[in-house]
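Worksheet: the structure to be examined is printed underneath.
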Amino acid sequence: MPAAGVPACHPWAADLQTKAIRAEAVGKLLAGLLQAEFSPDLVIGHSGWGELLAIKDLLPQVPVLHQVEWIYQLQGGDTNFDPEFSSLDWQAQSCLRLRRAPQLMALQDLDWGLSPTKWQASTVPVEYRNRLSIIHEGIDTTTICPKSGSGLSLQKAGLQFEAGAELVTFVARNLEPYRGFHVFMRMLPALQQLRPKAHVVIVGGENVSYGQPAPNGMSWKQTLLQELNGQLDLSRIHFVGKIPHPLLHELFRICACHAYLSYPFVLSWSMLEAMSCGAVVVGSATPPVEEVIEHGRNGLLVNFFDQQAWAHTIAAVLENPTAHKHLGVAARQTIIERYDLHSSCLPQQLKLIDKLIIQGCSSDQGVSLDQSSAANAAI
């Protein structure tokens, strides 16, 4: 559906029209700045929402660095990954094909691209990857770190948790299938039977960030609670909504296990931040997670759809946290070595920006995706 205020158009073109309106708004604003003798050396922007579509018509000689987050995939990736929500309808496929148009147009005008992970970069067509660096936005590991004496109070439930508590966490911007909320909820009855004293804290809103909304106008939280009515001990499951960032880190510091599930899609910062806090992460065996977590070394991996495996793996961590502590230690080390903001990611980003400004739009040098790494990619 078109965004609010967008004139009616063909449903397939609604997304493109929204992006064209954004492009025009940015173009008009930039035109005004140029009239005021604004002269940029570099433009940095996200190519997925339309804001950059008109930039080259206003600043043809100024290099543009595209933040390449995700290119829609016609096959593989998140498309039809989950059989419960798959669609073989040709019209839906054609609509998705048209949604790719602004992204592919942006790649055609690409001076240079920046992608945070190998998996996300792999969605870029091969012919553009020689103008692509893989550098994560970075995790501030000096702030997002283990701290002794951490604790968390749930005032409504009258509960206090400290490090060593039998506590499982699940975090998503919004609670929805793209982040495996349905799988996580459906495995909770089995987990509660295996670990009758375990508590679960679930962080996230009830809107939709990705994918389709729940049926009947309900949220996915309401839908799953209705489906599992009578199967859960809700006194041990705590929905806390969206919480301040520092409080999220405190939760990661004290949890015995953090569950992270994701479709083959954009990797969440929350998983990396949980690892930076030294949490033992049980993640889905999907490509974005497997790029970071090596099973048995710095975390544990489980088939996304295997509810029994999720319950038993998490229960094993809760039963013997000492035997799994090394996973959290190795997880933090992974973040320090590959994703640290100050020692790795930010210096690489600044170096890339400097080179683009110096070389302008004429550079055809670069490394291929196969030669890049999440920790070391350069122009």
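Mind listing whichever residues of region 110-139 are in contact with a Ser or Thr (Cβ under 8 Å, 6 or more places away or on another chain) and under 14 Å from Glu273 (Cβ atoms)? Those that are in contact with a Ser or Thr (Cβ under 8 Å, 6 or more places away or on another chain) and under 14 Å from Glu273 (Cβ atoms): His136, Gly138, Ile139.
Only one of the numbered conditions (1) more than 16 Å from Phe181 (Cα to Cα); (2) open to solvent by 40 Å² or more (accessible area, probe 1.4 Å); (3) out of contact with any helix residue (DSSP H, G or I) (no Cβ under 9 Å at 6 or more places or on another chain) is violated by Ala285, and that is (1).
The residue that is modelled with the lowest pLDDT, counting only those in region 165-199 that are part of a loop (DSSP other than H, G, I, E, B) and among the hydrophobic types (A, V, I, L, M, F, W, C), is Ala165. Inside region 41-51, residues that are open to solvent by less than 20 Å² (accessible area, probe 1.4 Å) and in a loop (DSSP other than H, G, I, E, B) make up a count of 3.
Pick from Glu162, Glu206: which is of a type outside the set (A, V, I, L, M) and at pLDDT 95 or above?
Numbers: Glu162 fails: at pLDDT 95 or above.
Only one candidate passes the filter, namely Glu206.
Counting the residues of region 242-279 that are part of a loop (DSSP other than H, G, I, E, B), open to solvent by less than 10 Å² (accessible area, probe 1.4 Å) and among the β-branched types (Val, Ile, Thr) gives 0.
Candidates in region 210-241 are the residues that are of a type in the set (Ser, Thr, Tyr) and outside any loop (DSSP other than H, G, I, E, B); of these, the one that is least open to solvent (accessible area, probe 1.4 Å) is Thr223.
Residue check: is Gln226 of a type in the set (S, T, N, Q) and either closer than 15 Å to Leu191 by Cα or modelled with pLDDT under 95 (or both)? The answer is no for Gln226.
Pairing residues of region 97-112 that are under 18 Å from Val62 (Cβ atoms) with residues that are of a type in the set (Lys, Arg) and crowded, with 19+ Cβ neighbours inside 10 Å, at Cβ distances under 6 Å and at least 6 apart in sequence or on separate chains, gives Leu110/Arg131; Trp112/Arg131. The set of residues in region 76-93 that are closer than 21 Å to Phe304 by Cα and either touching a Ser or Thr at 6+ places or on another chain (Cβ under 7 Å) or of a type in the set (A, V, I, L, M) (or both) comprises Gly77, Asn80.
The values are calculated or read from the model by the stated rules, or taken from the named source; none is laboratory data. Predicted, not measured: the structure shown is a model, and the values here were computed from it. For neighbour counting, all protein chains shown are included, and Cβ atoms are generated from backbone atoms with ideal geometry for every residue, glycine included. Remember, those area values only see protein heavy atoms, side chains included, never the ligands or the DNA or RNA. Shrake-Rupley method; radii C 1.70, N 1.55, O 1.52, S 1.80 Å.
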